[in-house]
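All remarks here apply to the structure that follows.
The values are calculated or read from the model by the stated rules, or taken from the named source; none is laboratory data. The structure presented is a predicted model; accordingly, all values stated were derived computationally and were not measured. With ideal geometry, Cβ positions are generated from the backbone for all residues, glycine too; neighbour counts draw on all protein chains shown.
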Amino acid sequence: MVRLILVCLCLLIGQAALSQEADQPSGTITIDDSAARDAAIAVRIREILAQLEGYDDVTVSVSSGIVTLRGTTLDSAAVTRLNALAGRVEGVVAIENEVTETADVVRRLDPAVDRFVNRARQFVAFLPLVGVALAAFLAVVFIGFFIARWRRPWDRLAPNAFISDIYRQVIRLAFMVGGVVVALDILGAAALLSTILGAAGIIGLAIGFAVRDTVENFIASIMLSIRQPFRPNDTVEIEGDTGKVIRLTSRATILLSFDGNHIRIPNATVFKSRIVNFSRNDERRFVLDLGVAYDTDLAAAQALALETVQALPFVLTTPAPAVWLEELGDSAVILRVAAWIAQHETSFVGAKGEAYRMCLAAFDAAGIEMPGPTYTVQGLPADKPAPAPRPAPAIAPAEKVEVQEVKAAAEQELEQIIETERAETKADDLLSPHGPEE
């Protein structure tokens, strides 16, 4: 460690020596030497220093062309300048610079006080121009804010209120920047604008990285409010969460689950996720799985199930219902029944439940067995016979229930909750029931 410090000191000393040598005159040394020449050199250097500020305490002596400088200056930069000044005088052979930096507090403070006084005077003289520049800035900003307050052009151009507010903010920001440009041009400091914009860009970049998630959510909110992949009260599935849409805010999408819980999903997640909208199309299909015994006439069972579903008043004829064999189960053959309803008029869960009820009643009336799982129990005593199977309960003849224009009570309550919450938070909602659809 000590060796390293010594090496560094040697390098610094060598560099200082080289710089001193570089400051020395490099011209040809004449063989003539006279006191008159030395006096002329000294007089010329004194005249030069007298015209410069900060060299009042510097003395000059010349002998055989060698200039010796002594005294004090205000700073080290002034000391360094002496070598360059003296070396440019004709006839100087070498320079001995013994000038040091002064430690006199009063002397060092005098230039600072003078500079402060001069700048204060300049500022006072500059005040009328500053007032004009400030007035121009305020006038430009006022015009921008006045234009931004107009509702007709921005509300008509924007797809929703959120985007129109963004338009207004952009107008205000543009006029503020324009006001700054006008003010700086009046002050003659337009070149300062590039520095300000550069600093603002760097600060904005740093802030953008710091609040990246917030910025991402904000941009996603803009895109979702324009595209509107769902409407208020739509039933959607996002990232595995299913519920009815309450509202879209500038940060998150709010759903109401069928359990009555609020689900808040960040808009950045919503924008990048797979969205299943169950409410966008009026026609929606429900599916039933019915198990029949292996010895059943499958063609007759399919025809009966299809006829039963087609007879339901809420089932649409187009698309038409269908029945097919889905799979062979352990104890039954699975028939899959599919039918379509107008879900905006008919409760989906109510229609599915009614279809199940009518198909079970029709199969029971036709004597079609619908067996359950079969279990074999080992280890019963030989003298104790197995209990007789319990007879299946008789199913009364089914009566059709009109559900075509009836919503399930649970769905109606959820819709009422959503309408109430939307009425309370209408100002924060970016969705529009009559806005453009994606």
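Restricting to region 189-212, give me the number of residues that are assigned to a loop (DSSP other than H, G, I, E, B) and modelled with pLDDT of 70 or more. Of the residues in region 189-212, 1 are assigned to a loop (DSSP other than H, G, I, E, B) and modelled with pLDDT of 70 or more. Taken over region 62-96, the criterion of being in contact (Cβ under 8 Å) with a residue 40 or more places away in the chain, crowded, with 18+ Cβ neighbours inside 10 Å and more than 21 Å from Ser34 (Cβ to Cβ) is satisfied by Asn83 alone.
Among all positions in region 297-309, there is at least one residue which is within 19 Å of Met370 (Cα to Cα) and in a loop (DSSP other than H, G, I, E, B). If only residues of region 64-76 that are modelled with pLDDT of 80 or more and aliphatic (A, V, I, L, M) are counted, the one that is farthest from Glu53 (Cα to Cα) is Ile66. Residues in region 327-355 that are outside any loop (DSSP other than H, G, I, E, B) and under 49 Å from the mean Cα position of the chain (by Cα): how many? Total meeting the criteria: 15. Scanning region 219-242 turns up one or more residues that are outside the structural domain of His344 (by TED's automatic domain parsing), crowded, with 17+ Cβ neighbours inside 10 Å and without any contact (Cβ under 8 Å) to a residue 40 or more places away in the chain. For Glu239, indicate whether it is under 27 Å from Asp165 (Cα atoms) and acidic (Asp, Glu). No. In region 35-61, the residues that are closer than 18 Å to Gly71 by Cα reach residues that are of a type in the set (D, E, K, R) with C-beta atoms within less than 7 angstrom, at least six apart or across chains, in these pairs: Thr59/Arg70; Val60/Arg46.
Comparison of Val245, Val270, Val287, Val276 shows that the only residue that is β-branched (Val, Ile, Thr), exposed (fewer than 14 other Cβ atoms within 10 Å of the Cβ) and at pLDDT below 90 is Val276. Can you spot a residue in region 276-283 that is under 27 Å from the mean Cα position of the chain (by Cα) and over 18 Å from Asn217 (Cα atoms)? Yes, region 276-283 contains at least one residue that is under 27 Å from the mean Cα position of the chain (by Cα) and over 18 Å from Asn217 (Cα atoms). Applying the selection to region 66-97, what residues are under 11 Å from Ala42 (Cβ atoms) and not aliphatic (A, V, I, L, M)? If the condition is that a residue be under 11 Å from Ala42 (Cβ atoms) and not aliphatic (A, V, I, L, M), then Thr68, Gly91 are the ones that fit. Evaluating Gly291 against the criteria (1) in a helix (DSSP H, G or I); (2) touching a Pro at 6+ places or on another chain (Cβ under 9 Å) leaves one unmet condition, (1).
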